[in-house]
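Take a look at the structure below.
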Amino acid sequence: MRRTLVSILLALFCGAAAAQQEIQFWHAMGGALGAEIDALVQRFNDSQRDFRIVAGHKGSSEDTMIGALAAQRAGNGPHLVQVYDAGTAHMIAAKSAVRPVAQLFAENRERVEASAFLPAVASYFSDNAGRLLALPFNISTPILFYNKDAFRKAGLDPEKAPRTWYEMPKAMGELAKAGYECVYTTVWPAWVQIETMSTWHNQDFATRENGLAGLDAKLIFNTHLMVRHVSMLASWERAGYFTYSGRRIEGERRFAKGECAMVTAGSSSYADLRREAKFDFGVAQLPYYDDIRGAPHHSLIGGAGLWVLAGRKSAEYRGVAKFLAWLARPEVQAEWHQRTGYVPVTRAAYELTAQKGFYKDNPGHEIAIRQLLLNKPARESRGIRLGNLENIRLILEEELENVWDGKVAPKLALDRAAERGDLLLRAFERAQRAGVEPGVPQRVPRYTGNVRPRPAKGEKP
């Protein structure tokens, strides 16, 4: 009888396991953030028995999007894929490959509305009617990280970081005197120094509401303010105050090692810095120009949304909808925010975190969300949604490097970047006007991350 009972129980267990629907979820997060995603997925899987999310790290953000779209075209793509901000316009244009999240929720009776999300976040991932196209997930915005121990060594107040760009030179001078060869650096220069600085001062990066209002957008980031900003950075680079560390997150790594005293980086860097930095560091608002009317406006979001791919059965989409609705819950979003440094994408998650006193004990975590809530999104600040944005960023990086090397004046570099980028926009527009959906995007040429050594004083670059 015992053997019979055990056999029955095993059969029931195996039957339940077999009935569990698998949902494939591809993402681009490794390291500490990847571990947090795994923990999040495990919590959902443990919370119910009908569906099992299988999360897979597929490499870089670019590799993940390209791989998912290629697999979808071949008929074996994932149900859900994390797509970075630069790929948003491509995903919208690839209509047959995606299933809008608002439609998914409506079909499966999940009540998740765009109005629940922060305005600066919801507007970017919605269509012109305000319906969600993807679920905002890991959203970050640039902030200033600074080494408090370095500030103490330089005789600076460790609780008071520079508030404006005009206050930076005094602090940088003291840090240089204290022996820091890398005083200030940045990650993702195109995103932080050009895209975000435009939004931060309520200025256009491109026409047509930065591409959100039409395919015929033109790049206009070569403004007086941006020329002034790049010129200032170039002068600091020559003086040894600003150090170019590469196109991606090399600056964050140098800061974590204690090599650089300050870095502008995404708020999501908090998780890795907390784990890797062996010193006391602070978090401050992104510097701004206080002689620009209305500044600071609000900062620009970066990060990614979760896109649902087409071609699956309705039973499988029920699991996808259930998982996405679970991710949007205030308690889930609040914990994700607190553990990673990503902003809570819903107002309810932010309010829940504040009510529990998290910001009193961890004031640095509120900096990013306050930046995004400073003002309501305006025409110039709903986000940047352009075709071929990744390649436009590549062009900007190339031209900025010419400035750092002293080869090209800042205005000429920005003018050339806008002209070259417009050619990419027109190619994307022509294809869309002809009704041609974009296929799998071409890979952007890989950047090695090698940083040219700074020339000795008096030596020409």
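The values are calculated or read from the model by the stated rules, or taken from the named source; none is laboratory data. Since the structure is predicted, the reported quantities are computational estimates derived from the model, not experimental observations. Don't worry about glycine lacking a Cβ; one is built from the backbone with ideal geometry, like all the others, and counts go over all protein chains shown. For the accessible areas, the whole protein counts, side chains as well, though only heavy atoms, and no ligand, DNA or RNA atoms are used. Shrake-Rupley method; radii C 1.70, N 1.55, O 1.52, S 1.80 Å.
Results, tabulated for the structure shown:
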read-out	value
Three-way shape label, the range 316-395, alpha-carbon gyration tensor, a/c 1.5	oblate
Cα-based shape type of the range 133-198, given that a ≥ b ≥ c are square roots of the gyration tensor eigenvalues and the cut on a/c is 1.5	prolate
Helical contribution to [θ] at 222 nm, DSSP H n ≥ 4, -39,500 (n - 2.57), averaged over the chain, rounded to 500	-13000 deg cm²/dmol
Theoretical gain in end-to-end length, Asp280 to Glu419 [0.36 nm per residue, Cα-Cα removed]	45.7 nm
Potential extension, Glu22-Arg293 segment - 0.36 nm per residue separation minus Cα distance	92.3 nm
Separation in nanometres of the label points that stand 7 Å from Cα toward Cβ, at Phe358 and Asn375	2.8 nm
Relative packing of peptides 328-338, 262-272 - highest average C-beta neighbours within 10 Å first	262-272, 328-338
Estimated vicinal HN-Hα couplings, Hz - the range 159-170 in sequence order (Karplus 6.51, -1.76, 1.60; Gly, Pro = x)	9, 9, 7, x, 8, 10, 5, 6, 8, 5, x, 4
Label-to-label distance, nm, for residues given as Ala74 and Asp46 (7 Å Cα→Cβ offset)	3.5 nm
Sum of side-chain charges, Asp50 neighbourhood, beta-carbon under 10 Å (Lys, Arg +1; Asp, Glu -1)	+4
Label-zone membership for the range 110-142, site Glu351, 7 angstrom Cα→C-beta point, backbone N under 18 Å	111-122
Carbon/sulfur fraction of accessible area - the chain, other protein chains in place, 1.4 Å, %	51 percent
Unsatisfied cross-links (Cα-Cα over 31 Å) in the set Lys177/Lys360; Lys177/Lys278; Lys218/Lys376; Lys58/Lys95	Lys177/Lys360
Charge tally in the Cβ shell below 10 Å around Ala354, where Lys, Arg are +1 and Asp, Glu are -1, Ala354 excluded	0
Inter-label distance, nm, simple model (7 Å from Cα along the C-beta direction), Lys257/Gln432	4.1 nm
Most to least packed among 44-53, 194-203 [average Cβ atoms within 10 Å]	194-203, 44-53
Karplus 3J(HN,Hα) series, Hz, for the range 263-268 with 6.51 cos²θ - 1.76 cosθ + 1.60 (x for Gly, Pro)	8, 8, 8, x, 4, 5
Per-residue HN-Hα couplings for the range 184-201 [Karplus 6.51, -1.76, 1.60; θ = phi - 60°; Hz; x = Gly/Pro]	9, 9, 8, 9, 5, x, 5, 5, 6, 8, 10, 5, 5, 4, 5, 5, 4, 10
Formal net charge of residues neighbouring Leu373 (Cβ-Cβ distance under 11 Å; K, R +1; D, E -1)	+2
Reported label for calculated percent of Cα pairs over 28 Å apart given [x] 59; [y] 49; [z] 52	[z]
